[in-house]
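All remarks here apply to the structure that follows.
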């Protein structure tokens, strides 16, 4: 855009401008109410984090049968978040920005999703080649909050979803950003339970490794989608049973569905948590290529058990995603980083284990080393294994009878500072060895558009939180 034209052209006031003007008006009239005026500053906070991220990921090349560098990077990131107090206990603002300094960047894997992509959006051609990662700054949060006790709340601007809908951001070290509005309510029925409801609408998005917002599009970087919206609810029976449900739409393109039942109970005087989850997606009638043939779904069951310092997880998924894409996505827009959706399954095992027909299981054991000695307070370790089988190719593949197997094992070590000025600073080391059990299908090929070849991946992350000033205690 040329900012130096002398001609003045009237333009419609966008949502952010309206929010800023509205807040300016509120800030102007607020001093009239002396009992409320000071809350805006006295209850405000300015906090942030400094991150260091180091990653070394290698992927097998089937032509040479050797591992090649895919990502080899070191990056410093930092964010700064301002949250005001509420004027008249109803109005507040939040602002947040972050920056990335790409210290080193090697390998062919771009974007690396920690620094900023050199591309302006994920829709650019040859993204992995032309989107080499760069340093930079970006605004990721700028919103106005309004609330009436706990009965009603609304936020609008550059936002991250916080309600019960299907919309969710990507995460790197910080979340992605939607341009939109979200509102909701919580109704508490005392011993009978509590009902939480919300609705969200958005017309633009950016993953955290892009600097600017971009529009939604149909699969294959196709036709623009005007907006995404979703409504959801959660009922907490206050007896350890929670039921959730949500529905979402990409305008004139995709419908999505979600339901979840979770329950917590004591077994041998130790807490056992369990859940059943259903995620569904179905194309609407549109002119582009259908992503799925009929209803696609991912179903999951989870178990979690804690015995003193030892934690156990056992989870399983099954997928049906017939069609040209050939795998299930929780987001309503299929293209990479174009939006994101809620999925309460996260195995940190590189693969998504979401191919059509695939069944997958995950097991994890964690241990709090502080149980052995007070000298080890803050240290935790863990190991996990994921295995997926019966993965079918998409409907375009020549060999429809092929079934792929994939697996991964992970090792984790973490430490959180318990005291001193660096309290709550954390250090995390994560190693994954991923195995594609096919020795003939190259990454992303053979009808498996979301499966790659063998990898070795090691990540080291340091997180240092800091506070410039805190909200004063009432």
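The values are calculated or read from the model by the stated rules, or taken from the named source; none is laboratory data. On a predicted model such as this, the values are computed, not experimentally measured, just so you know. Ideal geometry is used to build each Cβ from the backbone, glycine not excepted, and the neighbour counts take in all protein chains shown.
Picking from 355, 391, 422, which residue would you name as being in contact (Cβ under 8 Å) with a residue 40 or more places away in the chain and over 23 Å from residue 62 (Cβ atoms)? Explain how you work it out, then say what you get.
Values: 355 fails: over 23 Å from residue 62 (Cβ atoms); 391 fails: over 23 Å from residue 62 (Cβ atoms).
Only one candidate passes the filter, namely 422.
Please work out if residue 111 is in contact (Cβ under 8 Å) with a residue 12 or more places away in the chain and either surrounded by fewer than 17 Cβ atoms within 10 Å (Cβ to Cβ) or over 28 Å from residue 44 (Cβ atoms) (or both). Yes. When the residues of region 90-117 are filtered to those that are at pLDDT 90 or above, over 15 Å from residue 338 (Cα atoms) and part of a loop (DSSP other than H, G, I, E, B), which remaining residue is farthest from the chain's Cα centre (by Cα)? Restricting to residues being at pLDDT 90 or above, over 15 Å from residue 338 (Cα atoms) and part of a loop (DSSP other than H, G, I, E, B), the top hit is 90.
Any residue at all in region 310-320 that's assigned to a loop (DSSP other than H, G, I, E, B), touching a helix residue (DSSP H, G or I) at 6+ places or on another chain (Cβ under 9 Å) and either closer than 30 Å to residue 179 by Cβ or modelled with pLDDT of 95 or more (or both)? Scanning region 310-320 turns up no residue that is assigned to a loop (DSSP other than H, G, I, E, B), touching a helix residue (DSSP H, G or I) at 6+ places or on another chain (Cβ under 9 Å) and either closer than 30 Å to residue 179 by Cβ or modelled with pLDDT of 95 or more (or both). How do the strands (runs of 3 or more DSSP E) wholly within region 151-261 filter down when requiring 3 or more residues that are without any contact (Cβ under 8 Å) to a residue 60 or more places away in the chain and over 20 Å from the mean Cα position of the chain (by Cα): which remain? The strands (runs of 3 or more DSSP E) meeting that bar are 152-159, 177-188, 194-206, 241-250. Criterion applied to 360, 383 was being touching a strand residue (DSSP E or B) at 6+ places or on another chain (Cβ under 9 Å), within 26 Å of residue 294 (Cβ to Cβ) and outside any loop (DSSP other than H, G, I, E, B), and the one residue passing it is 360.
Out of 429, 404, report the one residue that is surrounded by 14 or more Cβ atoms within 10 Å (Cβ to Cβ), closer than 14 Å to residue 457 by Cβ and either in contact with a strand residue (DSSP E or B) (Cβ under 9 Å, 6 or more places away or on another chain) or modelled with pLDDT under 95 (or both).
Unique residue meeting the criteria: 429.
So which residues in region 339-360 are surrounded by fewer than 17 Cβ atoms within 10 Å (Cβ to Cβ) and either within 28 Å of residue 438 (Cα to Cα) or modelled with pLDDT under 95 (or both)? Of everything in region 339-360, those that are surrounded by fewer than 17 Cβ atoms within 10 Å (Cβ to Cβ) and either within 28 Å of residue 438 (Cα to Cα) or modelled with pLDDT under 95 (or both) turn out to be 346, 348, 359. For region 119-131, taking the residues that are surrounded by 16 or more Cβ atoms within 10 Å (Cβ to Cβ), modelled with pLDDT of 85 or more and touching a strand residue (DSSP E or B) at 6+ places or on another chain (Cβ under 9 Å), the one that is nearest to residue 340 (Cα to Cα) is identified as 122. Residues in region 443-474 that are surrounded by fewer than 16 Cβ atoms within 10 Å (Cβ to Cβ), in a loop (DSSP other than H, G, I, E, B) and at pLDDT 95 or above: 2 in all. State yes or no: is residue 194 surrounded by fewer than 21 Cβ atoms within 10 Å (Cβ to Cβ), in contact with a helix residue (DSSP H, G or I) (Cβ under 8 Å, 6 or more places away or on another chain) and modelled with pLDDT of 95 or more? Spelling it out, it is not the case that residue 194 is surrounded by fewer than 21 Cβ atoms within 10 Å (Cβ to Cβ), in contact with a helix residue (DSSP H, G or I) (Cβ under 8 Å, 6 or more places away or on another chain) and modelled with pLDDT of 95 or more. Once region 56-89 is narrowed to residues that are in a strand (DSSP E or B), more than 29 Å from residue 135 (Cβ to Cβ) and touching a residue at least 24 places away in the same chain (Cβ under 8 Å), the residue that is nearest to the chain's Cα centre (by Cα) is 60.
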